[in-house]
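Asker: Handing you this structure, nothing more for now.
The values are calculated or read from the model by the stated rules, or taken from the named source; none is laboratory data. All values derive from a computational prediction rather than experimental measurement. Virtual Cβ from ideal backbone geometry, glycine too; neighbours counted across all protein chains shown.
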Amino acid sequence: MSRPVLAALLLLFTPTFVVAQSADATTAVTQQDPQAAYDELVKAFNKAISDWQTEARAAVKKAQEEGSKIPAMAMQPPTKEWIAKAQELAGEHAGKDNAVRFLAFVLKNATNERNAVKKAIETLASDHAKSAAIVDVVPFLANGTRFGATKQVLALLDELVSNHADANCKAQALVTRGGLRLQMARTPEDRKSAEKDLRDVAGITKDADLLAQAKDALFEIENLQVGCKAPEIAGVDVEGVEFKLSDYRGKVILLDFWGFW
């Protein structure tokens with residue numbers, strides 16, 4: 001084969017080799033272990049939050065030392081970048097259980113990202129409502145109510161309670177739905193619906209943590225509603241004298257809870 005022909009063949013096939021090499025590299029990146037990617041996301045997010053807190057504290061300390069006005073600071077942590085990254089990673093695993101952990105990250109950590117939260121709930125409902133992986137997200141679904149997604153959250157919880165195959169997932173959905181119903185209750189009927197959810201947990205699971213969550217919520221319904229008998233409170237007054245709330249039964253009492261945290 002003549003040198004000119006050989007050179008032409010090399011020029012023809014070399015670009016193809018480079019493109020193939022680039023495609024392989026891209027595939028390697030997008031196929032990163034999802035748990036490793038999640039761990040990296042969480043680590044970077046936690047560092048960003050820590051840096052934000054450190055910077056805010058330093059600014060306050062400096063202002064105090066200089067006797068100047070404390071500078072205006074963001075009241076909410078910088079979450080936008082990390083929520084967007086979680087959405088991107090969820091998209092890389094769309095339709096698979098590996099996406100659930102990233103959708104959970106959105107629900108747990110969003111501050112102002114309303115659309116991201118709504119999208120996460122919609123994706124969980126459409127792609128993962130029957131998945132075993134969704135059980136770890138259920139406790140955080142209630143956060144969606146802060147972003148105007150109450151209807152979507154309750155619809156997903158209804159679906160999990162009615163149709164999910166895993167008993168613990170059903171039970172967790174009942175605990176979450178019962179808590180939400182209690183929180184939003186305006187009538188005795190609303191509170192009865194919440195109470196039923198929480199009592200039904202014991203008939204579905206033996207999981208100690210879930211049973212404890214239901215028990216705590218039921219205590220609130222039975223003891224901390226308007227018209228309920230107040231639970232006993234014992235303490236020591238400012239003069240060191242012990243007292244009990246029941247000592248004042250029949251009298252109008254104002255309880256002021258405070259402390260240094």
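Asker: Residues in the range 78-85: is at least one surrounded by 17 or more Cβ atoms within 10 Å (Cβ to Cβ), touching a residue at least 40 places away in the same chain (Cβ under 8 Å), touching a Pro at 6+ places or on another chain (Cβ under 9 Å) and assigned to a helix (DSSP H, G or I)? Before the answer, list the steps.
Answerer: So the first thing to find is which residues in the range 78-85 are surrounded by 17 or more Cβ atoms within 10 Å (Cβ to Cβ), and the list is 79, 82-83, 85.
After this cut, where a residue has to be touching a residue at least 40 places away in the same chain (Cβ under 8 Å) as well, the list is 82, 85.
Then keep just the ones that are touching a Pro at 6+ places or on another chain (Cβ under 9 Å); that gives none.
No.
Asker: Given the residues 153, 100, 117, 175, which is the only one that is touching a Leu at 6+ places or on another chain (Cβ under 9 Å), modelled with pLDDT of 95 or more and closer than 20 Å to residue 218 by Cα?
Answerer: Exactly one of 153, 100, 117, 175 is touching a Leu at 6+ places or on another chain (Cβ under 9 Å), modelled with pLDDT of 95 or more and closer than 20 Å to residue 218 by Cα, namely 175.
Asker: If you go through the range 201-223 one residue at a time, how many are surrounded by 11 or more Cβ atoms within 10 Å (Cβ to Cβ) and assigned to a loop (DSSP other than H, G, I, E, B)?
Answerer: So the answer is 3.
Asker: Could you say whether any residue in the range 244-254 is modelled with pLDDT of 90 or more, in a helix (DSSP H, G or I) and out of contact with any helix residue (DSSP H, G or I) (no Cβ under 9 Å at 6 or more places or on another chain)?
Answerer: no
Asker: If I filter the range 131-158 down to residues being more than 14 Å from the chain's Cα centre (by Cα) and not in a helix (DSSP H, G or I), which single residue comes out as surrounded by the most Cβ atoms within 10 Å (Cβ to Cβ)?
Answerer: The residue in question is 131.
Asker: For the range 112-130, give me each residue that is assigned to a helix (DSSP H, G or I) and aliphatic (A, V, I, L, M).
Answerer: 116, 117, 120, 121, 124, 125
Asker: Contact list please: Cβ distance under 8 Å, first residue in the range 53-76 and within 24 Å of residue 111 (Cβ to Cβ) and β-branched (Val, Ile, Thr), second residue at pLDDT 80 or above and surrounded by 10 or more Cβ atoms within 10 Å (Cβ to Cβ), pairs at least six apart or on different chains.
Answerer: Within 8 Å, the pairs are 70/59; 70/60; 70/63; 70/64.
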